[in-house]
Each structure stands twice: as C-alpha cells, then as structure tokens.
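Asks: What follows is a structure written as structure tokens; I'll ask about it next.
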Amino acid sequence: MSANNTTAFQGASASPDLLDTSSRSANDYRFFKGKDGTFIIKVMRIPSIIFGLFFFALGINALTVPTPSESVVGISIAVLFVFFLAFIFLNAAFTKTIVDPINKNIRRTGLLPFLNRCYPFNSIAGIHLIRINVNYIFYIKTSINMHFHTTGKKDKKLTINALRKSENIEHFIDELYDIIGKAPDQAIHTNPG
C-alpha cells in the first residue's frame, strides 16, 4: 500500500445547518457517542473481534497439529505470529479514542496501558488528511491524523479515524471542532510534515 495526496484540513465547506451547533446535544453526533461529558469516537468493533477470534482459533488449532521434531522452531514462530495477529485485532476492537472537553484533552486507551496516549487541546498543531491508495490506482480510505506539538521532541501524530467519503470526512471534522469548541474558520492551518 502507498500513502499519498496529503493535505491539511483548511476548514469546513459543509452546509450552514451542519455548522449550527447551538442546539446540538450529545446524541446529535453521527461519529461520536457522548458519555459523562466526554465523547468517544464510534468504531466498528465486530469485524475486529471476528478476525481476532479467527486468528486465535487458528493458533490454537496449529498447537494441536502433530509436527516432526525437526520443524518445531518454525512451527513455534508461525504460531506466535498468528497469536500476535489475534492480539492486534482484539486490541483494535477495544481501543477507544476519547475527546474530553471538560479536561481539555484527547486520549487513546487500549488493552495495554503503555500504549495509551493523552494530548491536551492546546498542543494541537492541526489535522492532516492522508489519502491511502493501492499502487497509486485504487482508493482505499482517507486517514484523519491529528498532530500535536510536544516540548523538546518531534511532533506527535494520532490517527483518530479513517473514512472513505469526502462528506463524511468533513462532517467528522466539523463534529470534532464542535466538541473541542473551535469554529472551523478558527482551525489551525499548519501542515505538519
């Protein structure tokens, strides 16, 4: 796969009624689920769980197959790789990206605590859209990345969503800016990269 056509988001071009957020409640968001003053990005967990359980069952099945003694190392590496794939899919299913306007931060939490990330709103450098293609021909999706300034280090990147349609991408970014409390025309227009 190759990633190309990177652009920084330059504000919303959505309809005016979409940008009217004065009467929006926590349940009015299409891409976020409101809970206790925080907003969790909605994800499709079922496919990841199915793939994770499939690879886990494949690994268990591979452990039960009798093998010749001279190929134990190769089989062990293959079984570990299959269990690793199962863990990756299960971790993706239970990873949450939380936008917290009360504490003014964006958090990603998962199964392993050392993979968790938390960035304050005031360190947001911008939103970066990356169009993903296969062989520069077939369009797959557009990754929505947020970049954050960190003191004394290279800027950090957090992939917050991946969508296909332009209208969904614009709607997602409008909802994100609404939750953060920033109007799209006040968006940071830097292109980190």
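Here, each number is a calculation from the coordinates, and none is a lab measurement. Bear in mind the structure is a predicted one, so any value in this text is a computation, not a measurement. In this analysis, Cβ positions are derived from the backbone assuming ideal geometry, glycine residues included, and neighbour counts consider all displayed protein chains.
Asks: May I ask you to sort Leu85, Leu115, Leu176 by Cβ crowding, counting other Cβ atoms within 10 Å and putting the fewest first? Write down the numbers at each step before the final one.
Replies: Details: Leu85 17, Leu115 11, Leu176 25.
Sorted ascending by nearby Cβ count, the order is Leu115, Leu85, Leu176.
Asks: Test of understanding: what is the full-extension gain from Thr150 to Leu53, defined as 0.36 nm times their sequence separation minus their Cα-Cα distance?
Replies: Details: separation 97, 0.36 × 97 = 34.92 nm, distance 3.73 nm.
Stretched out fully, the Thr150 to Leu53 stretch lengthens by 31.2 nm.
Asks: Taking 7 Å along the Cα-to-C-beta vector as the label spot, tell me the Leu111-Lys141 distance in nanometres, rounded to one decimal.
Replies: 1.8 nm
Asks: Return the sequence-ordered ³J(HN,Hα) values of the stretch 105-110 in whole Hz as given by the Karplus equation 6.51 cos²θ - 1.76 cosθ + 1.60 applied to θ = phi - 60°, using x for Gly and Pro.
Replies: 8, 10, 10, 10, 10, x
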